[in-house]
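The values are calculated or read from the model by the stated rules, or taken from the named source; none is laboratory data. What you see is a predicted model; the values in this text were computed from it and never measured. For neighbour counting, all protein chains shown are included, and Cβ atoms are generated from backbone atoms with ideal geometry for every residue, glycine included. Note: accessible area is taken over every heavy atom of the protein model, side chains too, but ligands, DNA and RNA are not part of it. Shrake-Rupley method; radii C 1.70, N 1.55, O 1.52, S 1.80 Å.
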Amino acid sequence: LGTGYSARVVAATAGPAQLDMTYQAGGLNWRAGYTLNLAGDERSGNLSGKVALANATDADFRAARLRLVAGDITTVAPPPQPRALKGARMEMMAMSADSAAAAPEPRAAHDLHLYDLPGRYDLPRGTTQRLALVDAVALPLRKRYVLENHVQMHQAMISGEVPRQSPRIHLSFRNDKKSGLGSALPAGVIRIYGADSGLPLLLGEDRIDHTPDGEKVDLTIGRSFDITARRKQVAFNNTGDRRQFDVTYEVVLKNAKSTGSVVEVVEHIPGEWRVAQENLAY
């Protein structure tokens, strides 16, 4: 079997006997991958997903039924590793044609989700097949620029050159029927593309966790080029108690784009605090 296990079968009676055997094998793995193509206004996009199924064992599987299991389980020991394959054969057979089968419908079982793939599949050793997981779905998106900082509790004025910052770019959508989804999404990498002059343009990528129906997916895909910020401490006052300080920070935002943008400025402040003065409501 190439798994590190051995089996011995003893027939109870003389003559032919049918044996059904189930065993845990190493070297068969799958991972989910998603593609999100943004519309021109970046308020919607098309999401599709595929499964990359790899056979790194030293056995060929013919006309196999496939069930993919998504979830997190605890195992006592790592699964046995198959014998190494010849690198030349692996390289030659690493890419195979995508399957044209329809995307499977997930169903819950215990604390896992199962994906029963229709039909039967040949899985030669050393190959990777790509199978449909999520058919192209048009869904609404929300794009945000977020500038995050952590306030440090220094006991003196901070001076020196202020570095330039760029807000992170977030894209989010909700995994529900209203958005066109509404089924469990297994963990995987999602790549976000835009378009320029009819050619695809990679805008960023992120990894999503296992996402059940009704949950929000929040992607961080990069930082803004044209929106910048400089944050500096402009005042510090010790109130007499070494544990209490009055500190003033200034955040200056600049936008070199030809269109306006909204930036969320998030300040993570430790301890007990109150805002004494502000020019914009927090």
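Quick notes on this structure:
- Residue count for the range 155-192 under the criterion of being in contact with a Phe, Trp or Tyr (Cβ under 8 Å, 6 or more places away or on another chain) and surrounded by fewer than 19 Cβ atoms within 10 Å (Cβ to Cβ): the result is 10.
- Output for the range 193-213, where each listed residue is more than 11 Å from the chain's Cα centre (by Cα) and open to solvent by 30 Å² or more (accessible area, probe 1.4 Å): Tyr193, Ala195, Asp196, Ser197, Gly198, Leu199, Pro200, Leu201, Leu202, Leu203, Pro212, Asp213
The rows are residues; the columns are (1) modelled with pLDDT of 85 or more; (2) not hydroxyl-bearing (Ser, Thr, Tyr).
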{"position": "Leu1", "(1), (2)": "no, yes"}
{"position": "Tyr5", "(1), (2)": "no, no"}
{"position": "Arg8", "(1), (2)": "no, yes"}
{"position": "Pro16", "(1), (2)": "no, yes"}
{"position": "Thr22", "(1), (2)": "no, no"}
{"position": "Ser48", "(1), (2)": "yes, no"}
{"position": "Ala52", "(1), (2)": "yes, yes"}
{"position": "Asp60", "(1), (2)": "yes, yes"}
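- Condition met for Asp116 (within 21 Å of the chain's Cα centre (by Cα), loosely packed, with under 13 Cβ neighbours inside 10 Å and at pLDDT below 95): no
- Residue ranges of strands (runs of 3 or more DSSP E) in the range 195-282 with at least 1 members over 21 Å from Ile158 (Cα atoms) and among the basic types (Lys, Arg): 199-208, 216-223, 245-255
- Only residues that are part of a strand (DSSP E or B) and closer than 13 Å to Asn29 by Cα were counted in the range 119-130, giving 5.
- Number of residues in the range 121-177 that are within 30 Å of Arg274 (Cβ to Cβ) and not acidic (Asp, Glu): the value is 24.
- Looking at Ala94, Ala56, just one residue is touching a helix residue (DSSP H, G or I) at 6+ places or on another chain (Cβ under 9 Å) and modelled with pLDDT under 95, and that residue is Ala56.
- Only residues that are farther than 17 Å from Pro212 by Cα and in contact with a Ser or Thr (Cβ under 7 Å, 6 or more places away or on another chain) were counted across the range 100-126, and they come to 1.
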